[in-house]
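Asks: If you scroll down you'll find the structure; I have some questions about it.
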Amino acid sequence: MDLHDIREDYSKQELSEAECAAAPLPQFEKWLGEAMRSAAKEPTAMSVATVGEDGRPSSRILLLKEVNEQGFVFFSNYKSRKGRALTAHPFAALTFFWPELERQVRAEGRVEKLDGKASDEYFASRPYTSRLGAWASEQSSVIAGKSIIVARAAAEAIKHPLHVPRPPHWGGFLLIPDRVEFWQGRPSRLHDRIQYRLENGEWIKERLAP
């Protein structure tokens, strides 16, 4: 399989400093809205990169569940590999890619756990079977086979036929960005890259070389 000649020339849109908002989160909300209206597949999907206790980086795809004036919100098992990594090193990097719009967004920053009330509210909104799964799965642990998880889920259904409370090991994270980059694909790989960098409490907006 030869991968050398697989490439695409991007040319749909441009991005200038002037058309970008003064701060990154309003700009992100604008782009996310455009991605959702463009019928992009999984517009809230993002790669979440962390660093474990051993210093090794790892990444996985999660779904963004909220963006607010503070940052980006996602949920996970606190005892999972990413949960343990974020406890050991509370920093992460997010990457969104919307090929339909030839756009990418990268965000980096400090991560905090959400308070119990916010995690309870989101957990209560999840489908019943997903709530059972949060109890049944010791996420990222080695298991002997799929049947174990199925059996655990069935046991949790018996234990919680109606109301499924949030497990204490499951909840939300908030990434508070200090660096966000907006990437717009352009012809000849001369892509537009506008970066926001937090300095002394103020956002600095600057163009990066492609």
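Asks: Condition check: farther than 23 Å from SER59 by Cα and of a type in the set (Lys, Arg). Does LYS12 satisfy that?
Replies: Spelling it out, LYS12 is indeed farther than 23 Å from SER59 by Cα and of a type in the set (Lys, Arg).
Asks: OK, next. Kindly list, by first and then second residue, each pair from a residue in segment 85-100 that is without any contact (Cβ under 8 Å) to a residue 40 or more places away in the chain to a residue that is open to solvent by 10 Å² or more (accessible area, probe 1.4 Å) and acidic (Asp, Glu), limited to pairs with Cβ atoms under 6 Å and residues at least 6 apart or on different chains.
Replies: Final answer for the pair search is ALA88/GLU53.
Asks: Residues that are open to solvent by 30 Å² or more (accessible area, probe 1.4 Å), out of contact with any Pro (no Cβ under 8 Å at 6 or more places or on another chain) and of a type in the set (S, T, N, Q): does segment 86-93 have at least one?
Replies: Yes.
Every residue, every condition in (1) of a type in the set (Val, Ile, Thr); (2) modelled with pLDDT of 95 or more; (3) closer than 24 Å to ALA22 by Cβ, yes or no:
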site: ALA45; (1), (2), (3): no, yes, no
site: GLY52; (1), (2), (3): no, yes, no
site: SER58; (1), (2), (3): no, yes, no
site: GLU69; (1), (2), (3): no, yes, yes
site: VAL73; (1), (2), (3): yes, yes, yes
site: ASN77; (1), (2), (3): no, yes, no
site: SER80; (1), (2), (3): no, yes, no
site: PRO99; (1), (2), (3): no, yes, no
site: GLN104; (1), (2), (3): no, yes, yes
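Asks: Now for a separate question. Write out, first by first residue and then by second, each pair whose Cβ atoms fall under 8 Å of each other, whose residues are 6+ apart or on separate chains, and whose first residue, in segment 173-190, is closer than 24 Å to ALA85 by Cα and of a type in the set (Phe, Trp, Tyr) while the second is modelled with pLDDT of 95 or more and not in a strand (DSSP E or B).
Replies: As it stands, the answer is PHE173/LEU86; PHE173/LEU114, since those pairs meet every condition given.
Asks: Any idea how many residues of segment 66-77 are surrounded by 16 or more Cβ atoms within 10 Å (Cβ to Cβ) and either more than 15 Å from ALA93 (Cβ to Cβ) or among the aromatic types (Phe, Trp, Tyr) (or both)?
Replies: 8
Asks: Looking at segment 2-56, which of the residues that are open to solvent by 40 Å² or more (accessible area, probe 1.4 Å), part of a helix (DSSP H, G or I) and in contact (Cβ under 8 Å) with a residue 12 or more places away in the chain is farthest from GLU181 (Cα to Cα)?
Replies: If we take residues in segment 2-56 being open to solvent by 40 Å² or more (accessible area, probe 1.4 Å), part of a helix (DSSP H, G or I) and in contact (Cβ under 8 Å) with a residue 12 or more places away in the chain, then GLU34 is farthest from GLU181 (Cα to Cα).
Asks: Further question on the same structure: Can you tell me which of (1) over 16 Å from PHE28 (Cα atoms); (2) in contact (Cβ under 8 Å) with a residue 40 or more places away in the chain is the one ARG131 doesn't meet?
Replies: Failing condition for ARG131: (2).
Asks: Now a separate question. Looking at segment 158-173, which of its residues are open to solvent by 30 Å² or more (accessible area, probe 1.4 Å) and among the aliphatic types (A, V, I, L, M)?
Replies: Those that are open to solvent by 30 Å² or more (accessible area, probe 1.4 Å) and among the aliphatic types (A, V, I, L, M): ILE158, LEU162.
Asks: I want to confirm something. Restricting to segment 131-150 and keeping residues that are open to solvent by 70 Å² or more (accessible area, probe 1.4 Å) and of a type in the set (Gly, Ala, Ser), which single residue is nearest to SER119 (Cα to Cα)?
Replies: That would be SER140.
Asks: Now a separate question. Tally up the residues in segment 154-181 that are out of contact with any Pro (no Cβ under 8 Å at 6 or more places or on another chain) and either at pLDDT below 95 or not aliphatic (A, V, I, L, M) (or both), please.
Replies: Result for segment 154-181: 18.
The values are calculated or read from the model by the stated rules, or taken from the named source; none is laboratory data. Everything numeric in this text was worked out from a predicted model, so none of it was measured. Here the Cβ is made from the backbone with ideal geometry for all residues, glycine too, and neighbour counts use every protein chain on show. Surface areas here come from the heavy atoms of the whole protein model, side chains and all, with no ligands, DNA or RNA. Shrake-Rupley method; radii C 1.70, N 1.55, O 1.52, S 1.80 Å.
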